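J.: One structure is given below, represented as structure tokens, and several questions about it will come after.
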Amino acid sequence: MITAALLGNPNVGKTTLFNYLTGSNQYIGNWPGVTVEKKEGYIENRVKIVDLPGIYALDTFSNEEKISKEFLEKGNVDVIVNIVDASSLNRNLYLTLQLKQFNKPIVLVLNMMDVANAKGIKINYEKLATKLGVTVIPISASKGIGVEEVKKLLESGNFFSPVNENDYHYTDDEKENYRFIEEVLAEVIVKEKIESTTIGEKIDLIVLNKYLAYPLFLLILYIIFMFTFSWVGQPLSDALDEYIISGIVALLENLLQNSSPWFSSLIIDGIVGGVGSVLVFLPIVMALFLGISFLEDSGYMARAAFIMDKIMRKIGLSGKAFIPFIIGFGCTVPAIMSARTLESEKDRKLTALLVPLMSCNARLPVYALFATIFFPGNESAITFSLYLLGVAIAILIGLLFKNTIFKKDEEPFIIELPEYKVPELRNLMLNTWEKGKGFLKKAGTIIFAMSVIVWFLSNFNFNGMTDMESSFLAHLGGVIAPVFKPMGYGTWQSAVALLTGLMAKEVVVSTMGVVYGLDLHNILAQQFTPIAAYSFLVYVLLYTPCISVIAVMRKEFGNKMMAFSVFYQLLLAWIVSFIVFNVSSLILG
Amino acid sequence: MSICDLKPGQCGYIQSISGNKKLVKRLMALGCIEGTPVKVKLYAPLGDPIIINFRGFDLAIRKKDAMNIQLREA
Ligand SMILES: Nc1nc2c(ncn2[C@@H]2O[C@H](COP(=O)(O)OP(=O)(O)OP(=O)(O)O)[C@@H](O)[C@H]2O)c(=O)[nH]1
């Protein structure tokens, strides 16, 4: 099998080409030890393509570059497929020159030919090929033009073997290299017209305008939120819950009528209940990611990072990290996933640690239940105060972490602002589906296992199947309960509610529904004082969001980060809840 | 003078880059080298970072980092 390494600058259409070449025949993982995605794909079992991270050069000290370099040196690479932006060859060829060091055949894929043509750039392909000693193929990846040729060439194995050592001029001096590139391009490129102000520049004058930038930014976020939580995502999610999940439950109840009660309980309450409660989030996750892919592909995301940088820097993050925080108000899972797009490892980790403090959708039912019982008339104020508390704590913790565990020099922040584009539908769909699939697979496996465990614990004790009061879970709740005593809610029921709430925060409510029975409102009113109720809500706001978040954290950052994140949040929630309870008790008597 | 002394819309030629080794390497690899014409396009709404343009593309950079890009005296 031929191994091809796919390399290029960020944003030149690498992913688009990769998707065209390999179709659905791809495997996504992580490069060992770093949070950089590793993608492999196959053409007909004949060619293996490894998609390397987008980079500008090989020697500017980033993880992405290290990975690429190591793979080129040790990965048995037969051919380098170097994709470049034909409309911006000058800078793109710098990487090409560096790639020549590896003495491997290079296929130079000139992408964005449509853009180059529109700019009046004419390129003499043969001359470029001989000058650089590479094979040149012009394509337009997003339009699917020329992609077949790339495929055929790779399958045939018919690329140039590296020509003699004198066919390139890579030195350690950037100036020399650029001089060489300019020489080559002077002979190879004819530019027909000089552009005046482009449309993109005009858009930037509005989008980055001193007075309009922030209102526009908020409007765009508002639209994406509405799209996700009101127009499309949530309704689909509700429909999924109402028709499909309920349908499956009804069907299973029918099928399992004659099987033993423990078995049907395991399947219906345990597995379908647990996995189903997570599955219903799929449309929300996908809707949100559709919106985000749209922002990414259109070129707006880099602008948002640009205008938010100064603000985010105060808590030790760069502008780009703002996006995951916004998503975090919806759902923490996609928010952590989107931290992947941040440049430095430190940013990715710090963001992932802070994002769970944004109050997600799932916590709302808990606030709603308690607010109606304990603070009638002030429900919105109570709920809003919790959202604000989350943001305030995130800022404080951000400052704390910035000055302790992430006390590294600020990385220099430079980002390229790509040109605006109308996103390609195909690309959007693929991206969104990719995210949805990941959510299903990874969260699904863990949720499945946890559902079975929780079901077992709440239905059994050492004597076999039993009712909940004497189950393992009740005993467990009794053991944990003293921990919550100083905050005024030390019953085994609230302990169990919080514990099972780790499955998903809504479960806090449903568990209470089960353990307190039908008269939930009246019993709750006797179990909590208003102050205890509020500190309970503070705990719900701040403790580890849910098992899906833990799973994603592990997938993205590994066991250590996962453990740290879980424990720091448990501790944080306890401390803040404790303070809230005792200070308000003192003041309000 | 440094690139931060330019107002939006003004151009200059790069003389040298100093400071953080990573920053220097990255900018140089992007073709930000002696003699390259560079233009300041805009300032962010809060005054920082700024957008500069050279070799046909836009780059956002913090003022603190951009201070290290020295321009040729005209
Ligand atoms: N006009 C035009 N746009 C293209 C072409 N190829 C890709 N694009 C668009 O360019 C944008 C970036 O494409 P990607 O495939 O995400 O680029 P990438 O190199 O993988 O980017 P990174 O993942 O950031 O490294 C997308 O919006 C594509 O639709 C092309 O040939 N012509």
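The values are calculated or read from the model by the stated rules, or taken from the named source; none is laboratory data. Given the structure is predicted, the values throughout are model-derived calculations rather than measurements. No Cβ is skipped: glycine too gets one built from the backbone with ideal geometry, and neighbour counts run over all protein chains shown. Heavy atoms of the whole protein, side chains included, go into the accessibility calculation; ligands, DNA and RNA do not. Shrake-Rupley method; radii C 1.70, N 1.55, O 1.52, S 1.80 Å.
J.: If each DSSP helix of 4+ residues adds -39,500 (n - 2.57) and the sum is divided by the residues in chain A, what number results at 222 nm, nearest 500 deg cm²/dmol? Provide the component values of the computation, followed by the final result.
T.: Values: 29 runs with 338 residues, N = 589.
Mean residue ellipticity, 222 nm, calculated: -17500 deg cm²/dmol.
J.: Moving on to the next point. Just counting partner chain Cβ atoms within 10 Å, what average do the residues of peptide A:80-88 show around their Cβ? The partial results should precede the final answer.
T.: On the way: counts 0, 0, 0, 0, 0, 2, 0, 2, 3.
Across the residues of A:80-88, the mean count of other-chain Cβ atoms within 10 Å is 1.
J.: Just to confirm the filter: which trypsin sites (Lys or Arg not before Pro) across region A:392-473 are DSSP coil and have at most 10 other Cβ within 10 angstrom of their Cβ?
T.: Of the trypsin sites (Lys or Arg not before Pro), the ones in loops of region A:392-473 whose Cβ has at most 10 other Cβ atoms within 10 Å are A:K407.
J.: Taking amide hydrogens as modeled 1.01 Å from N in the peptide plane, which residues meet the under 5 Å criterion relative to A:V136, leaving out close sequence neighbours?
T.: It is A:L108, by chain and number.
J.: Under a Cβ-Cβ cut-off of 13 Å, what is the net charge of the residues other than A:S156 that fall near it, where Lys and Arg count +1 and Asp and Glu count -1? Write down the numbers at each step before the final one.
T.: Working: positive: A:R46, A:K151, A:K152; negative: A:E44, A:D78, A:E148, A:E149, A:E155.
Taking every Cβ under 13 Å from that of A:S156, the sum is -2.
J.: Tell me, how many Å apart are the Cα centres for region B:38-74 and for region A:35-99?
T.: Centre-to-centre distance over Cα atoms comes out at 28 Å.
J.: So, in nm, how far is label A:I206 from label A:K560 when the simple model puts each one 7 Å beyond its Cα toward the Cβ?
T.: Taking the simple label geometry, A:I206 and A:K560 are separated by 4.9 nm.
J.: Please compute how much accessible surface disappears when A pairs with B, both sides summed, using a 1.4 Å probe, and round it to the nearest 100 Å². Numbers along the way, then the final one.
T.: Numbers: alone 27850 and 4780 Å², together 29250 Å².
Rounded to the nearest hundred, the buried surface is 3400 Å².
J.: Could you tell me the center-to-center distance, by alpha carbons, between region A:395-436 and region A:239-301 in angstrom?
T.: Comparing the Cα centres of region A:395-436 and region A:239-301, I get a distance of 29 Å.
J.: Here's another thing I want to ask about it. Counting only protein chains, not ligands or nucleic acids, how are A:W433, A:W492 ordered by accessible area (probe 1.4 Å), most first? Write down the numbers at each step before the final one.
T.: Numbers: A:W433 115, A:W492 50 Å².
The most accessible residue leads, giving A:W433, A:W492.
J.: In addition: Based on the alpha-carbon gyration tensor of chain A, what equivalent-ellipsoid semi-axes (square roots of 5 times the eigenvalues) come out, in whole Å, largest first? It would help to have the intermediate numbers written out before the result.
T.: Numbers: eigenvalues 535, 146, 90 Å².
Three semi-axes, in Å: 52, 27, 21.
J.: Multiply the residue separation of A:L476 and A:E182 by 0.36 nm, subtract the distance between their alpha-carbon atoms, and state the gained length in nm to one decimal. Don't skip to the end; give the middle numbers.
T.: Values: separation 294, 0.36 × 294 = 105.84 nm, distance 7.16 nm.
My answer for the length gained is 98.7 nm.
J.: Could you please put A:I547, A:I453, A:I80, A:I587 in sequence from largest to smallest accessible area, using a 1.4 Å probe? Can you show the working numbers first?
T.: On the way: A:I547 20, A:I453 85, A:I80 0, A:I587 125 Å².
Solvent-accessible surface, decreasing: A:I587, A:I453, A:I547, A:I80.
J.: Hey, another quick one. What is the helix-to-structure angle for A:89-99, meaning the angle in degrees between its Cα long axis and the longest Cα principal axis of chain A, kept from 0 to 90 and rounded to the nearest 10?
T.: Helix A:89-99 and the main axis of chain A meet at about 90 degrees.
J.: Is the shape of region A:443-533 rounded, prolate or oblate, going by the alpha carbon gyration tensor and its root eigenvalues a ≥ b ≥ c, with a/c under 1.5 for rounded and a/b larger than b/c for prolate? Don't skip to the answer; put the middle values down first.
T.: Numbers: a/c = 1.73, a/b = 1.47, b/c = 1.18.
Note, shape of region A:443-533 comes out prolate.
J.: Give me the distance in nm between label points sitting 7 Å out from Cα along the Cα-to-Cβ direction at A:N63 and A:A250, one decimal.
T.: 4.8 nm
J.: Can I ask one more? Determine the shielding of peptide A:413-423 by partner chains: average, over its residues, the number of Cβ atoms on other chains within 10 angstrom of each Cβ. Before the final figure, lay out the partial values.
T.: On the way: counts 7, 14, 6, 5, 7, 2, 2, 0, 0, 0, 0.
The mean count of partner-chain Cβ atoms within 10 Å per residue comes to 4.
J.: A follow-up question, please. Of all the stretches in chain A, which is the longest one without any exposed loop site, taking GluC sites (Glu not before Pro) in a DSSP loop (any state but H, G, I, E, B) with at most 13 other Cβ atoms within 10 Å? Mind dumping the intermediate values first?
T.: Values: sites that count: A:E44, A:E192, A:E195.
By the stated rule (loop sites, at most 13 other Cβ atoms within 10 Å), A:196-589.
J.: Using 0.36 nm per residue, how much length does the chain from A:K175 to A:Y222 gain when fully extended, once their Cα-Cα distance is taken away? Before the final figure, lay out the partial values.
T.: Details: separation 47, 0.36 × 47 = 16.92 nm, distance 4.63 nm.
Additional length available on full extension: 12.3 nm.
J.: Next up: For a quick protection proxy, order the peptides B:59-69, A:96-106 by their average other-Cβ count within 10 Å, most packed first. Write down the numbers at each step before the final one.
T.: Values: B:59-69: 21.0, A:96-106: 19.1.
For the peptides B:59-69, A:96-106, the packing ranking is B:59-69, A:96-106.
J.: Hey, another quick one. Can you pull the mean other chain C-beta count within 10 Å for peptide A:457-464? Intermediate results must be reported in sequence, preceding the final value.
T.: Numbers: counts 0, 0, 0, 0, 0, 0, 0, 0.
Shielding by partners across A:457-464 averages 0.
J.: For a quick check: with amide H placed at 1.01 Å from N, whose amide H comes under 5 Å from A:L417's, ignoring anything fewer than 5 positions away on the same chain?
T.: When sequence neighbours closer than 5 places are left aside, the close amide H contacts are B:D58, B:L59, B:A60.
J.: Tilt of helix A:530-542 relative to the longest C-alpha principal axis of chain A, in degrees (0 to 90, nearest 10)?
T.: 20 degrees
J.: Ignoring ligands, DNA and RNA, what percent of the 1.4 Å accessible area of chain B is carbon and sulfur?
T.: On the way: 1660 of 3050 Å².
The value for chain B is 54 percent carbon and sulfur by accessible area.
J.: I've got another one for you. Along region A:66-74, what does the Karplus equation 6.51 cos²θ - 1.76 cosθ + 1.60 (θ = phi - 60°) give for ³J(HN,Hα), rounded to whole Hz, x for Gly and Pro?
T.: Karplus-based 3J(HN,Hα) across region A:66-74 equals 4, 4, 4, 5, 4, 5, 5, 7, 10 Hz.
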